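The values are calculated or read from the model by the stated rules, or taken from the named source; none is laboratory data. Keep in mind it's a predicted model, so treat the numbers as computed, not measured. No Cβ is skipped: glycine too gets one built from the backbone with ideal geometry, and neighbour counts run over all protein chains shown.
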Amino acid sequence: MIKRTRTHEIDTLAVRKIISELPVDWIVRGQEERDYGIDLTIERFDGQNATGDYFLVQVKGTESTFADEVKMSNFPTKTVEYSKLFHVPFFVFHTSIESNETRFVWLQKYADHKLERTTPNWKAQDSVTIYFPSGNDLTSNRDKIVDILEKDKSKKIGVGFLSLFESLKFHGDNVLSGQYAVGEYCHSVCLSLVKIKTFIDRYSVNIPNHGNEIKLFDLGDTFRDIAKNLSISNSDRELIKEQLSYLEDVKHSFLIADDIDDLAVEMKAYEPY
């Protein structure tokens, strides 16, 4: 007779517990094909509103009670490498049936900011040890998953921001040098930046006094008026220079985000994974 292993039973119990812990507006998608390590695909709604956020989960269950330090030994290196092929967050959910707890870790970020620092030759090993931060509890800290999803989305939006900003900076300088008709194009770029204002707000939060001073509509209107009148005033020049400087700071804040995460890991300030 075919017998089901206890390991499979534990993983099934773990999956059921995880699903029961998820908010009602987090939708678990089916896995119709062979998963190759993906047990759950989860799409996050905010109430009834779609967010476009989704993530992948590998579930690992254990009968043992969690110790103060939750870790998983002999985690396959090939699974870590597999996770890095995806352009959405890939999590490992580790569930203790006895403790009735689930810890999580963002696997791609863990590889980049933990394994690369503590085990630089990890890719040459068959397996690695995964340490789960104490705060990464599915029941009490799902907000961290939401924050991770928003950060990951911001990084993708950031590529578009960099393109728009560099274009605005180049053509804005042309306007300042006397090519006033180019202001119409700069106006259209400002309107595109307005569409990603949430991203700009996120990365301006650490810029002293700048976040509330970024005025994309005013900047766009100024460029439009310059193109229409084919002239520029001193106040127009000051506004353009000021706003481009603020947006330059947003660009810098975005580009050093990973460096800040590295420093946080080194200083043990927080675990970004």
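Just one of (1) over 16 Å from GLY172 (Cβ atoms); (2) at pLDDT 90 or above trips up GLU213, so point out which. All conditions pass for GLU213, except number (2). All of (1) among the aliphatic types (A, V, I, L, M); (2) surrounded by fewer than 19 Cβ atoms within 10 Å (Cβ to Cβ); (3) in contact with a helix residue (DSSP H, G or I) (Cβ under 8 Å, 6 or more places away or on another chain); (4) closer than 30 Å to SER20 by Cα hold for VAL146 with one exception: (3). One residue stands out in segment 147-179 among those that are assigned to a helix (DSSP H, G or I), free of Cβ contacts under 8 Å to residues at least 40 places away in the same chain and hydroxyl-bearing (Ser, Thr, Tyr): the one that is nearest to PHE91 (Cα to Cα), namely SER163.
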